[in-house]
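I have placed the structure first, in the form of structure tokens, so that the comments after it can refer back to it.
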């Protein structure tokens, strides 16, 4: 019996994800970060003043897990929290100067990885791939 296209595509996406995560492992070890912590740091770098609840929704994880990630990154002095002026019950999350510096380095690493991954892929195909990936993520998060 032949495997369905959906099965093959899903397995290839998982393999690609694993390859990318493994290739960044050494880079992240230098900053004492796990993959999920690095992604969270980049999230707060892009979404200044967001809350752990926003991270929860972005990663589709529990609120407790999101808070734990934020706490670990605060202990490493990559993030800090501040009580929201709009809602005293909420804490906003911000990158420290060191966290900002790490994000810039992570983006440089990501650009290099992306250039290797997408060499010989046309701009049109890159745009199409991005659209397809966004649709796939949406399909899973619904």
Original post:
Among the residues of segment 35-69, which ones are over 24 Å from residue 108 (Cβ atoms) and touching a strand residue (DSSP E or B) at 6+ places or on another chain (Cβ under 8 Å)?
Top reply: 49, 51, 52
Original post:
Residues in segment 81-89: is at least one closer than 27 Å to residue 138 by Cα, surrounded by fewer than 15 Cβ atoms within 10 Å (Cβ to Cβ) and out of contact with any helix residue (DSSP H, G or I) (no Cβ under 9 Å at 6 or more places or on another chain)?
Top reply: no
Original post:
What do you reckon, is residue 23 closer than 27 Å to residue 142 by Cα and in a helix (DSSP H, G or I)?
Top reply: no
**OP:** For segment 57-73, state whether one or more residues are in contact (Cβ under 8 Å) with a residue 60 or more places away in the chain and surrounded by fewer than 13 Cβ atoms within 10 Å (Cβ to Cβ).
**Re:** yes
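Computed from the coordinates by the stated procedures, all read-outs in this text should not be read as laboratory data. Note that this is a predicted model, so its numbers are computed, not measured. All Cβ positions, glycine included, derive from the backbone under ideal geometry; neighbour counts span all protein chains shown.
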